[in-house]
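A.B. asks: Got a structure for you, written out below as structure tokens; questions coming shortly.
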Amino acid sequence: MWSVEITGESTASPDALYARWADVGTWSEWNDDVARIEMTDAFAPGARAEMVFGDGSSLPFEIAWVEPGRGYEDLTEIPDAGVAVRVRHTAETDGDRTRITYRCEVTGADDDTCAAVGAGVSSDFGAVIDGLARVVEGR
């Protein structure tokens, strides 16, 4: 198993941040690597989606947990690597600001494989969190 937690801050409320997460059509506005998200179901546990990247590649995932106003978790199975990747995205009030946390956990294969996959998945989390905060705050 491998895990990492990346945090950032925003002046936006947890509700405003969650609204942007739940509106998957806007993800490309704050995540430079995403061209679009294809999702036909409601943003709820069990919903399946596909993240399409700028280079045309894609990655299927499932919404595993949702708490409106607080966050969600996605689950991506990567059979070729023998791993499952869970990323929990949360927004919590911290004084006069909101703490945004992306926690990535990779399980399945040996520790080295989990670490390699996890490092790749989470390498842009800081930039994605900053982009989300910037867009939601309107800066």
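A.B. asks: I'd like to check which helices (runs of 4 or more DSSP H) are fully inside the stretch 27-139 and have at least 3 residues that are touching a Lys or Arg at 6+ places or on another chain (Cβ under 9 Å) and closer than 20 Å to Ala16 by Cβ.
C.D. replies: 27-30, 125-137
A.B. asks: Hey, among the residues in the stretch 107-120 that are modelled with pLDDT of 95 or more and among the aliphatic types (A, V, I, L, M), which one's surrounded by the most Cβ atoms within 10 Å (Cβ to Cβ)?
C.D. replies: Once the filter is applied, the top-ranked residue is Val117.
A.B. asks: Further question: It is to be established whether one or more residues within the stretch 94-102 are within 23 Å of Ser28 (Cβ to Cβ), crowded, with 16+ Cβ neighbours inside 10 Å, of a type outside the set (Ser, Thr, Tyr) and at pLDDT 95 or above.
C.D. replies: Checked the stretch 94-102: at least one residue is within 23 Å of Ser28 (Cβ to Cβ), crowded, with 16+ Cβ neighbours inside 10 Å, of a type outside the set (Ser, Thr, Tyr) and at pLDDT 95 or above.
A.B. asks: Just name the residue that is surrounded by the fewest Cβ atoms within 10 Å (Cβ to Cβ) out of those in the stretch 7-26 that are touching a Lys or Arg at 6+ places or on another chain (Cβ under 8 Å) and in contact (Cβ under 8 Å) with a residue 24 or more places away in the chain.
C.D. replies: Selected residue: Thr11.
The values are calculated or read from the model by the stated rules, or taken from the named source; none is laboratory data. Keep in mind the model is a prediction, meaning the values are calculated, not measured. Note that we place each Cβ from the backbone using ideal geometry, even for glycine, and neighbour counts take in every protein chain shown.
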